[in-house]
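The structure appears right after this line, and notes come after that.
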């Protein structure tokens with residue numbers, strides 16, 4: 001692959017690779033920017049068809065973390081790590097311990113957390129060999145699963161969008177269609193249900209959809225039909241690139257606001273949403289709650305501070321939407337400008 005071509009395209013940065021012979025671990029740490037502080041971002045542990053796909057995933061995700069941290073006002077840069085999940089038998093504990101040693105070698109330049117395919121138990125294993133990890137057990141001074149805070153921030157962002165686009169000051173009766181009801185999607189259902197929203201859900205795992213139906217009265221929709229659901233808000237909460245040439249023309253919602261990272265397959269898809277009059281909440285702006293939460297662990301965790309700062313995501317989304325309307329410019333471009341202003345203020 002053209003590695004340096006990718007680095008240039010995503011305005012990098014640095015990338016670290018590690019192969020551990022004993023466990024077979026293949027890991028990548030992408031550090032996009034550290035001008036605001038040490039890079040912070042989760043560790044993804046999933047299978048990839050090609051190693052190049054894992055590298056590009058890490059690069060895209062880390063760039064998003066830079067923008068997410070900057071918009072949230074955190075003293076952190078953006079980083080992301082990927083461990084390529086083996087397709088044969090492996091020792092999970094040994095593998096994550098090896099990854100912890102990899103992080104220790106980076107001497108605090110990158111701090112990890114949970115992401116797709118990783119959980120609290122994995123963070124605890126990493127913690128056994130390095131302090132450069134967040135999202136650990138509350139018994140050890142951590143904050144545990146960041147998903148509830150991510151969901152809280154998304155709910156606040158949806159409230160801002162609904163006020164801006166629909167003129168409603170509450171979510172009572174607002175219909176939200178959620179693609180993906182795993183960790184964050186489940187907690188988002190819980191947040192929205194508590195505010196009186198009407199829910200439609202879809203997930204590749206039918207048991208997760210049925211759980212949302214049972215606990216929150218959600219309507220279960222086939223996965224291939226969720227984007228065509230007539231609703232007020234579409235909330236992509238699965239993997240990235242969900243907003244693309246195939247899906248955008250079928251969207252019936254007036255608002256797209258969800259928890260997934262890298263929702264736009266390409267930046268131009270943000271222009272397509274704007275052209276259709278759909279208010280898009282840039283993913284790295286609306287889904288920052290989990291990052292805000294784990295960032296508090298670095299200096300000593302305080303759940304009240306995390307909640308207070310996560311609630312302010314409403315203001316961030318409102319500002320982006322308001323500027324977008326005044327300038328008739330896509331929201332993703334407005335969000336990028338806000339971040340670039342912050343990064344530019346600290347120089348290179």
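Rule-based calculations on the coordinates, nothing more; no lab input. All figures in this text were calculated on a predicted structure; none of them were measured in a lab. Counting neighbours? That spans all protein chains shown, and the Cβs are built from the backbone with ideal geometry, glycine included.
Can you tell me how segment 3-140 classifies by the Cα gyration tensor, rounded, prolate or oblate, using a/c under 1.5 as the rounded cut? Mind showing how you got there, number by number?
Values: a/c = 1.83, a/b = 1.17, b/c = 1.57.
In terms of gyration-tensor shape, oblate.
Nearest 5 percent is fine: what portion of the DSSP beta bridges confined to the chain is antiparallel? Mind showing how you got there, number by number?
On the way: 13 of 39 bridges.
Antiparallel bridges make up about 35 percent of those DSSP assigns within the chain.
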Between residue 21 and residue 228, the two model label points (7 Å from Cα along the beta-carbon direction) sit apart by a distance in nm of 5.5
Under the 7 Å Cα-to-Cβ spin-label approximation, residue 204 and residue 246 lie apart by a distance in nanometres of 1.3
Rounded tilt (10° steps) of 51-71 against the dominant C-alpha axis of the chain: 60
Pop the C-beta distance of residue 329 and residue 35 into the FRET formula with R0 = 22 Å and round what comes out to the nearest 0.05. 0.30
Report, to the nearest 10°, how far helix 331-346 tilts away from the longest principal axis of the Cα atoms in the chain, using its own Cα long axis and a range of 0 to 90°. 40
Under a crude label model (7 Å from the Cα following the beta-carbon direction), how far is residue 194 from residue 303 in nanometres? 1.1
Tilt of helix 92-105 relative to the longest C-alpha principal axis of the chain, in degrees (0 to 90, nearest 10)? 80
Given a cut-off of under 8 Å on Cα pairs at least six residues apart, what relative contact order in percent is computed for the chain? 16
With each run of n ≥ 4 DSSP H residues scored as -39500 (n - 2.57), what mean residue ellipticity at 222 nm is computed for the chain after dividing by its residue count and rounding to the nearest 500 deg cm²/dmol? -13500 deg cm²/dmol
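Report the extension gain between residue 94 and residue 215 in nm, rounded to one decimal, defined as 0.36 nm multiplied by the number of residues separating them, less their alpha carbon distance.
Values: separation 121, 0.36 × 121 = 43.56 nm, distance 3.72 nm.
The span from residue 94 to residue 215 would gain 39.8 nm if fully extended.
Could you work out the relative contact order of segment 278-348, using alpha carbon pairs under 8 angstrom and six or more residues apart, expressed as a whole percent?
Computed value for segment 278-348: 36 percent relative contact order.
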Mean 1/r over all different Cα pairs, inverted: what Kirkwood radius does segment 196-348 give, in Å? 17.0
Could you tell me the relative contact order of segment 3-140? Use alpha-carbon pairs under 8 Å, at least six residues apart, and round to a whole percent. 26
Choice from 91, 232, 283 showing the highest fluctuation, given a GNM over the chain with Cα pairs closer than 10 Å: 91
